[in-house]
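Here, each number is a calculation from the coordinates, and none is a lab measurement. Being a predicted model, the structure only gives us computed values, none of them experimental. All Cβ positions, glycine included, derive from the backbone under ideal geometry; neighbour counts span all protein chains shown.
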């Protein structure tokens with residue numbers, strides 16, 4: 001059971017579970033036992049943007065893949081594409097297809113991880129089931145050992161295929177400026193074809209299982225549609241020339257809360273449309289739509305908060321580029337009342353549809369004869385200057401931006417990761433879920449898990465998302481006596497100045513209930 005502090009009617013969920021990175025939730029109750037405020041905090045700071053300065057740009061695909069053990073391939077590929085731009089070199093067709101094939105295998109495997117291991121237990125096992133059962137073992141107990149073997153076996157085959165293509169499944173050594181490090185032989189292609197075919201069958205089975213266990217359960221469907229898990233925001237995702245979902249390449253498209261196109265822009269123009277806001281209670285920066293300005297944690301067309309990830313990608317696109325995924329896409333919107341869908345928990349359904357698309361795209365590329373072409377790299381000849389690479393990570397739009405000197409040494413790096421793009425909406429989702437689920441001081445372990453479901457739907461990666469602005473790392477220190485009264489509060493701001501906020505005998509007023517990271 002999470003720690004509960006009765007002194008200030010404060011509920012702390014620490015640590016939160018089934019995510020990458022670290023985080024906690026602070027919930028403050030008023031005198032009636034209703035939620036006054038709820039904060040989704042990320043107390044870790046990784047700072048990759050800072051310590052890559054001074055490193056050769058060619059090292060970036062390897063360095064940045066170490067940010068996260070769950071989504072290393074997303075960083076590897078965004079970084080490799082940024083190097084293409086940095087050296088102004090275009091990979092040969094075979095290299096580009098090998099990259100997308102490898103990336104499609106990664107997305108298939110990663111989405112399966114979330115469906116069965118991270119987010120799935122809440123639906124397959126049940127949101128209020130005992131905590132000891134809300135895990136992959138509970139999922140296997142519910143769906144059967146044979147299904148568990150199928151899940152583990154499919155992920156193993158995909159990772160073995162990724163090892164054959166990219167050297168490693170976790171920290172790949174595939175991408176190079178202008179191409180890839182290894183070609184695919186005809187015999188390897190035959191093996192890839194077989195795995196890809198099995199992946200499509202597995203994805204179709206997963207969609208069928210989700211339909212049977214979740215969509216045919218009226219209690220779950222009501223939870224998905226409930227106001228506690230609904231936000232009307234803008235949505236962002238990468239699309240191809242026909243405005244269909246594409247994970248590897250395309251333009252970035254943003255639609256309004258009403259589903260109309262707001263902007264569509266090339267990745268190189270991202271700074272014209274995306275800016276970042278900071279709050280003193282988290283080390284995640286909150287991305288927002290720059291032309292609209294930061295309006296706070298609010299929703300609607302007047303707000304600048306937007307969403308990425310599967311829910312957003314399906315809202316942003318006008319279809320899927322493969323037949324089975326397109327059929328599932330149409331069923332999804334028909335069942336949820338048309339576009340756009342604003343229900344946060346619908347991310348899980350959208351993720352299964354994307355799993356099917358990634359597997360189908362993997363099969364298409366595996367059958368393409370051009371992937372065995374030996375021409376897999378165009379050598380750079382231009383002096384490096386600046387490069388921007390964008391992919392759709394499983395968790396949403398991922399941007400890498402590098403500036404170097406004439407020797408290719410990183411002078412500045414900017415990374416806007418999926419969880420930063422989602423950070424404002426995640427914070428809003430957690431607070432709204434807490435307010436919608438907790439009343440009269442009635443707080444059970446099951447209810448608190450349902451509050452966690454508000455962030456888990458986004459599949460956040462906080463190891464990726466924690467950065468700081470130039471200057472000192474902000475810090476808030478509170479000294480309490482044995483009764484819990486605040487004796488002294490010291491604050492260090494971005495500029496390094498240390499301020500004594502309060503002195504002996506000062507209690508925290510309800511208005512200042514802002515937890516420290």
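Some notes on this structure:
- Sorted peptide list for 280-292, 71-83, 448-460, criterion being average Cβ within 10 angstrom, highest first: 71-83, 448-460, 280-292
- For the range 337-488, relative contact order (Cα pairs under 8 Å, six or more residues apart, normalised by length) works out to 18 percent.
- Packing-based ranking, highest mean first, of 299-307, 402-410 given that Cβ atoms within 10 Å are counted: 299-307, 402-410
- A simple packing score, the average count of other Cβ atoms within 10 Å per residue, orders the peptides 59-68, 99-108 as 99-108, 59-68, with the highest score first.
- Once you reduce the range 389-421 and the range 9-58 to the center of their Cα atoms, the two points are 22 Å from each other.
- Distance from the C-alpha centroid of the range 167-226 to that of the range 76-134: 8 Å, rounded to the whole angstrom.
- Relative contact order (percent, whole number), the range 10-84, Cα cutoff 8 Å, 6+ residue spacing: 19
- Pairwise Cα separations in the range 318-385 fall into 5 Å bins from 0 onward with the following percentages, short to long: 3, 14, 18, 15, 10, 8, 9, 9, 9, 4, 1.
- A full extension of the chain between residue 414 and residue 272 corresponds to an added length of 49.7 nm, given 0.36 nm per residue minus the alpha carbon distance.
- Computed over the range 50-91, relative contact order equals 31 percent, with contacts defined as Cα pairs under 8 Å that lie 6+ residues apart.
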